[in-house]
Amino acid sequence: MLAMVIRRLGESLISLALLMTFVFVLAQITPGGPAYTILGAKATPQAVEALREELGLNLPIWQQYLTWWSRTLQGELGYSHIHQLPVAEVLQTYFLNTIVLYVGAFAFAVLISLVIGMLQAHFDGRWPARLIGASQLTVYSLPTFLIAMLLIVAFSVQLEWFPAGGVSDIREPGFVLADRLHHMALPFATLVLAYTAFMSRYFGQSARVEYRQDYVLTARSRGVPPGRIATRHVLRNALRPLVTVIGIALPYIFVGGVLVESVFDYPGVGFLLWQSALNQDYPVVTDIVLIIGLLTIAGNLLADVVNSIIDVRVRYE
Amino acid sequence: MVTVTGVGYSGAADVTGFLPLISPPTVYNYQASLLLYRPLLWIDENVALDFERSIAERIDVSEDNRIFTVHLKPDFRWSNGRPVEAADVLYGYELIEKLGKAYSAYGMGGIPTLIERIEALDPHTLQVTVSRPVNPIWFQMNGLTQLYPLPSREWKSHDLETLRRNQLNPDFLQPINGPFRLSEYKMGRYARFERNPDYSGHRAHLDTFIFRFFASGTGNTQFSALKTGTLDMGNLSFLLWGARHMLDHLKSLDTQGGFGYYALSLNYANPGNAFAKDVRLRRALQLAIDQQSIIDVLAQGRGHVAYQPVPYQPPTYLSASSRRHGEEIRLYDPEAARRLLSEAGWQPGPDGIRVKAGERLTFEVLVSPGSLIAQLIQSQLRRVGIDMTLRQLPFNQVMARIYGQPQSWQAYLGGWIYNPDFFPSGDSLFDTGGGNNQMQFSDAKMDRLIKATTREEGLQALYRYQDYHTEIQPVIFIPNTGGLVKHHPKLRGVRRYLNPTGSISPEYLWWED
């Protein structure tokens, strides 16, 4: 197991280094640059050139590349010229917002998906399973930002139960947990709906396959209660594909929510990456890609390790 | 009280710096920094000098129009009690010199290019000597307005890098001389300001003033925030005009938009744009654009047709003939446009697009993504036989094309807001070699007239410049549309808060109760 992890880690880090190089070069060769964003429409060619020199953007690409690697390997994430802050500080704020909302919603959605998927598999062929399937398809078909807007119209604009967006009531300084939760309710619900629709379908299919296996038939014939069959046998075996999907999806939940963040005015990493790419804020873009790359490696490895724990066949594979 | 940047002026965006001269020169940073640091000279809603709201109480100009003696108000103080002194203004000017050509407004209003000498005669008197006679209005409004007193005694030991790194730090941004101090800044979320009880100007009524930032630039989130009361004041996007009834509980205020112009600029340096050099073509383009319908469709009737670079509202700098011109002549006349095109030798081709000597009358214009105004203009020009294709690019890529490949682009749709060049003299915009003359327009008479606006005393030179501008049409004007501000019914002072140059005055806002 350890040898596998080390080997996979080595291969993944090489891929990550290549990816970073690609992203760095792509950012450099794209026309424009942060100097134009900073100086705006009144930028003169002289002002742009002077600012590029000040920011070190007029140095040869290879020199900027080596400086970037040297800095990154020392743990320095550089400076965002658009935000006028160290990249670490920018990312800290946005990543924290993302983790609180997305990881929480994802974890909650996983739990609900397990329950829904098991129910769907248990009632396979009967009307409850069909009802669940139709609901999944409906929600899965709706773009996430549309779900978001529908929730805002219903619960914020019409009923005025929840705020339409933001992180907290900015009129009151300081951290108030109830206020934060109140503001997170609609984006949380949006993400849970979207994630659940996808994962419960996937897991439900996997569980349905397991329910049709001989060992389940044997367990039933031996009088094992349905609940025990579900939790002690089917669940564990049906989990493996879902764990793989979760491992792969983990990094994408950090950046995939740009539309939801835009609708809910939620300062998350997805939106930050999009804006930074538009503004050519290279340090932020490359550092986000680096972090997502590391999360991808970690997610895949974690999925493999968990799978080997829950399925002994994988251990021997 | 919670609002957004750019109310009544532009779309909202985040603030990324609170330091004048140092922070990125966006209107949003400008508005935020004004709360903390007042400029030497204030420009009011009529785009004229307002000494009541300035730190300067008067300016004496020498007879040869070369020496400007600025008298500061002796009782204007920093928040730590120290008087605002001429040395503080000198310190701000030294920062401009240190920034050099990286200073975004380098050369505008003669700063620092025309400055021969700047010195403090005494703690409350600053004297600026320029290297040649200047039009006092031009120099005061475009040059001296760039001067900011900054806390010299407290910041003198800091280098530029330190100032940059702390431009968002509330603890560093002390002392202040504005009506509010920055108490909290949350990136991507808001900036909170608390009243400065020691402000020497009109004391603010509000205890707290908050700029809310929105992740999305669309009007939807701002609309929802206005509806639910999260925002006390904001802009109603005209794209949501159909839902305006949902904001009937709020009061409305029409605005004229920013003090500037919006135009289709043709690239005179592009060899493929030879048609641009024919004034009949340019006039035809102008006559083919139905500006009023653009105003009606995109801004629900709010805005003015434009025909020269000096804005119609406020009419402070409008020549008499420009006013008459706007009122008397038909600015939308597609028949006249067709006649001019035919006169110039461009005849309709089989597909309706005009042709001359085998060449189609077609050009590509760089626009920001999703530009509705560009699409409207495209369809209007097509009716007279001009094929304008749209190339949609993010802003900084447009700028990179314009500056990096100066002969490759054909046209660009963009605007100009007169800030800090409040006096709309046209220098750097339409003079040969001007720093912001990206289209490389060149006309000897225009150069002479623009030069005169910066040298001859008074407004006559400006009037001659704008009249000639109408005659030769260097750019094709698009209407500068207005806006609709929605605010809480108990919020007062909104009209005084707003300013077409973006110079907001939140100290005049108050709650009825």
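General observations
- In the range A:151-179, burial by the other protein chains removes 20 Å² or more of accessible area from A:Val157, A:Glu160, A:Ala164, A:Val167, A:Ile170, A:Arg171, A:Pro173, compared with the chain on its own (1.4 Å probe, ligands and nucleic acids ignored).
- Rounded to 10°, Cα long-axis angle of helix B:27-36 versus longest principal axis of chain B: 20 degrees
- Angstrom value of the Kirkwood radius, inverse mean 1/r, which spans all Cα pairs in the range B:204-339: 18.5 Å
- Gap separating the Cα centres of the range A:34-110 and the range B:369-393, nearest whole Å: 35 Å
- Accessible area, probe 1.4 Å, largest first, for residues A:Thr144, B:Thr16: A:Thr144, B:Thr16
- Taking 10 °C and 1.306 mPa s as conditions, the range B:1-152 diffuses translationally at an estimated 99 µm²/s according to Stokes-Einstein applied to its Kirkwood radius (Cα pairs).
- Reachable lysines from B:Lys277, criterion Cα separation under 30 angstrom, eight or more residues apart if same chain: A:Lys42, B:Lys356, B:Lys445, B:Lys451
- The range B:62-103 versus the range B:160-217: alpha-carbon centroid distance in Å: 22 Å
- Acute angle (nearest 10 degrees) that the helix A:2-29 long axis makes with the longest principal axis of chain A, alpha-carbon atoms: 40 degrees
- Note on chain A: the alpha carbon radius of gyration divided by the globular reference 2.2 N^0.38 Å gives 1.21.
- Positive-end extreme of charge dipole, the protein assembly as shown - chosen from A:Leu9, A:Leu77, B:Thr145 (charges on Cβ): A:Leu9
- Between helix B:395-404 and chain B: long-axis angle, C-alpha atoms, 0 to 90°, nearest 10: 70 degrees
- Amide H to amide H distances under 5 Å link B:Tyr190 with B:Phe213, where only residues 5 or more positions off or on other chains count and H is placed in the peptide plane.
- With a cut-off of 9 Å between beta carbons, the residues surrounding B:Ala225 carry a summed charge of +1, where Lys and Arg count +1 and Asp and Glu -1.
- Share of carbon and sulfur in the accessible heavy-atom surface of the protein assembly as shown [1.4 Å probe, %]: 58 percent
- Couplings 3J(HN,Hα) of the range B:459-473, computed from phi: 10, 4, 4, 5, 5, 5, 4, 6, 5, 5, 4, 4, 5, 9, 6 Hz, in residue order, whole Hz [Karplus 6.51 cos²θ - 1.76 cosθ + 1.60, θ = phi - 60°; x for Gly and Pro].
- Ranked packing of B:110-119, B:58-67, most packed first, by mean Cβ within 10 Å: B:110-119, B:58-67
- Length-normalised contact order of the range A:157-314 in % [C-alpha pairs under 8 Å, at least 6 apart]: 23 percent
- Relative counts (whole %) of C-alpha pair distances in chain B, using bins that are 10 Å wide: 4, 18, 28, 26, 17, 6, 1, 0
- Positive-end residue of A:Pro267, A:Gly257, A:Ala277, charge dipole of the range A:171-317 with Cβ unit charges: A:Gly257
- Rg/Rh for the protein assembly as shown, where both radii come from Cα atoms and Rh is the Kirkwood radius: 1.03
- Annotation: amide H-H contacts under 5 Å for A:Ser80 (H modelled 1.01 Å from N, sequence separation of 5 or more, or interchain): A:Leu85, A:Val87.
- The residues of chain B expose, per residue, 36 Å² of accessible area to a 1.4 Å probe.
- Extension gain, B:Asp207 back to B:Leu160 (0.36 nm per residue minus Cα-Cα distance, nm): 13.7 nm
- Value of relative contact order over the range B:385-513, rounded to a whole percent, pairs C-alpha under 8 Å and six or more apart: 14 percent
- The A-B contact accounts for approximately 4200 Å² of buried accessible area, totalled over both chains at a 1.4 Å probe radius.
- Given a 1.4 Å probe and the protein chains as shown, A:Phe22 ends up with an accessible area of around 130 Å².
- The range A:185-219 versus the range A:291-305: alpha-carbon centroid distance in Å: 22 Å
- Amide hydrogen proximity for B:Glu364: with H placed 1.01 Å from N in the peptide plane, the residues at 5 or more positions away or on another chain lying under 5 Å are B:Thr389, B:Gln410, B:Ala411.
- Cα shape, the range B:196-274, gyration tensor, a/c 1.5 rule: oblate
- The shape of the range A:81-129 can be summarised by an equivalent ellipsoid whose semi-axes, obtained from the alpha carbon gyration tensor, come to 43, 8, 5 Å from longest to shortest.
- Relative contact order [Cα under 8 Å, 6+ residues apart], chain A, whole percent: 25 percent
- Taking max minus min of the alpha-carbon positions on each principal axis, the range B:304-410 gives extents of 43, 38, 25 Å, largest first.
- Charge context of A:Gly268, other residues only, Cβ under 15 angstrom, K/R +1, D/E -1: 0
- Placing B:Thr5, A:Thr138 in order of accessible area, with the largest value first and a 1.4 Å probe, yields A:Thr138, B:Thr5.
- Most mobile of A:Gly299, A:Gly133, A:Gly257 in a GNM of chain A (Cα contacts under 10 Å): A:Gly133
- Value of Rg to Rh for the range B:264-361 (Rh from inverse mean 1/r over Cα pairs, i.e. Kirkwood): 1.03
- All alpha carbon pair distances within the range B:1-71 were sorted into 10 Å bins beginning at 0; the resulting P(r) in whole percents reads 18, 37, 31, 12, 2.
- Per-residue mean of C-beta atoms belonging to partner chains within 10 Å, peptide A:88-100: 1
The values are calculated or read from the model by the stated rules, or taken from the named source; none is laboratory data. Bear in mind the structure is a predicted one, so any value in this text is a computation, not a measurement. No Cβ is skipped: glycine too gets one built from the backbone with ideal geometry, and neighbour counts run over all protein chains shown. With ligands, DNA and RNA removed, areas are computed over all heavy atoms of the protein, side chains included. Shrake-Rupley method; radii C 1.70, N 1.55, O 1.52, S 1.80 Å.
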